[in-house]
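Data block below; observations after.
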């Protein structure tokens with residue numbers, strides 16, 4: 001979290017919002033996006049036990065991180081304000097966004113111990129979807145609709161890719177969506193709440209909550225469209241219908257190892 005102050009010392013002539021942007025960017029990875037999204041998927045399946053426990057866990061971690069962020073911001077006089085996009089051409093901005101999205105998703109995937117081949121597929125899916133989402137928002141589209149459509153596209157691409165890399169689709173889809181979680185507005189809401197600014201806290205909090213709900217809704221829609229387990233009758237939670245990817249993965253794991261002497 002001290003990277004913002006390091007930037008202040010390294011670039012003393014830079015504009016003050018750059019310090020706040022560096023501070024906000026340095027704490028974004030602390031937002032527990034994985035339990036937030038999986039909680040939404042569980043609640044969409046009416047699995048309230050897993051969904052509520054993950055949601056409570058994510059809320060507690062976010063609150064703890066927000067307290068730490070507030071202490072650092074108060075100590076160094078940093079305000080995590082929102083800054084406009086850089087004044088670049090569309091192609092330059094798109095190239096930087098797709099590169100940053102690819103590296104960000106790859107970092108999340110590696111953090112979750114995802115195999116490198118699966119992580120590369122996941123990074124490509126997330127980069128394409130996030131570029132489309134940000135470009136649509138810049139064009140004036142509704143951010144909530146963009147979030148829903150982007151994660152729906154991520155879920156459908158993950159369903160297609162899971163048949164080719166023999167990996168669970170949640171391993172491909174959730175890391176690709178984590179870079180879309182509005183961590184900056186969540187931290188701004190917590191800091192505004194601590195600073196007794198109810199209007200800013202309410203505005204940023206509702207923004208974060210609505211976007212997270214739309215992200216989870218998009219993943220749920222994609223699963224309903226592409227996964228038979230979500231549209232077939234399922235009287236028992238422990239006996240899930242098998243998808244083609246699960247059957248292919250089981251067949252691959254059950255193959256006897258080949259002898260090198262042959």
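Between the C-alpha center of the stretch 128-190 and that of the stretch 206-225 there is a gap of 9 Å. Checking the a/c ratio against 1.5 first, then a/b against b/c, what shape does the Cα gyration tensor give for the stretch 47-128? Oblate, since a/c reaches 1.5 and b/c is not below a/b.
What is the stretch 128-233's relative contact order, in percent, from Cα pairs under 8 angstrom and six or more apart in sequence?
34
Every read-out reported here was derived from the displayed coordinates using simple, explicitly stated rules and does not represent laboratory data. Keep in mind that this is a model prediction, so the values were computed, not measured.
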